[in-house]
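Have a look at the structure below before the remarks.
The values are calculated or read from the model by the stated rules, or taken from the named source; none is laboratory data. Since this is a predicted model, take the numbers as computed values, not measurements. Note that we place each Cβ from the backbone using ideal geometry, even for glycine, and neighbour counts take in every protein chain shown. Accessible surface is based on the protein model in full, side chains and every heavy atom, while ligands, DNA and RNA are left aside. Shrake-Rupley method; radii C 1.70, N 1.55, O 1.52, S 1.80 Å.
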Amino acid sequence: MAAEFSPALDLVLDALQQMRERGGKLPRASRVSLTELRRPVAHKPTELASLVDKAALLAPIQARVAVCVKCPHLAASRTQTVFGVGNPDAELMFIGEAPGADEDARGEPFVGRAGQLLTKIIETMGFARSEVYIANVLKCRPDMPRGSSGNRPPTPDEMQTCLPYLAEQIDIIQPKVLVALGATAVEGLLGTRGTMREMRGRWHSHHETPLMITYHPSYLLRNQAPSEKRKVWEDMLQVLERLERPITDKQRNYFRT
Ligand code: URA
């Protein structure tokens, strides 16, 4: 609970205690609840995080996203929205571009070919997919002309419309590290469109949360050169170091040529 609410809370607690002692029917707070409320105010973010049920905070946002019609063309063409998946208490959060056909069908981000590669990367880092959180800039699949397969990048309007949902997710999850997968995620998080070659592999900051930029897994599917895999892996090693996770020699040497 925020420190600035502490004096007000004390007043309320005193009033409640007096009412209880006078024997009236109110208040209905138990002694246990009152003792809980009197516990010292938590100051450290880690303590705060442990007091907050982040899944319960995400649920109403997910419900709003599920019925969102702010982009009528996307609402009309989607099978369902794709909110995000993983651990609401994750210390590591990956941000992608938008759902593809597989994600639109399943309602879960990164479950197609690129997603399977992302899962492999996450597991090679030593995490289970369920330990991290994965979300996209766009919660709807960008619509494609009838009869054509493939994907298109989100338009600037679609991104501006949808980004507040991602901002809410990040605010609640408060990961220790964010990873932007590809240029659309970078544009969504930083508002800039640089070249991936210049931006990847370096630390950036998103509202004071360290942000690592790396290539989108679909880039690695298109370009199978070990040198490109190594670049992404080096970016992930930096992430592991930032999270103070143990790194084995085997992990350090993956994709070294
Ligand atoms: N590509 C993305 O950026 N996000 C997904 O969820 C799937 C593929």
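Quick notes
- The loop-placed trypsin sites (Lys or Arg not before Pro) in the stretch 142-249, going by DSSP, that have at most 14 neighbouring Cβ atoms within 10 Å of their Cβ come out as Arg146, Arg193, Arg202.
- Among 53-60, 209-216, 75-82, 112-119, the order from most to least packed when residues are scored by Cβ within 10 Å on average: 209-216, 112-119, 75-82, 53-60
- Of all accessible heavy-atom area on the stretch 88-145, the percent that carbon and sulfur account for (1.4 Å): 45
- Unsatisfied cross-links (Cα-Cα over 32 Å) in the set Lys176/Lys250; Lys139/Lys231; Lys139/Lys176; Lys70/Lys231: Lys70/Lys231
- Residue-count net charge about Cys68 - beta-carbon cut-off 11 Å; Lys, Arg +1, Asp, Glu -1: +4
- Placing unit charges on each Cβ (+1 for Lys and Arg, -1 for Asp and Glu) gives the stretch 80-171 a dipole about its Cα centre, and among Phe110, Gln160, Gly147 the Cα reaching farthest toward its positive end belongs to Gly147.
- Sparsely packed GluC sites (Glu not before Pro) within the stretch 186-225, loop by DSSP, other Cβ within 10 Å at most 10: Glu208
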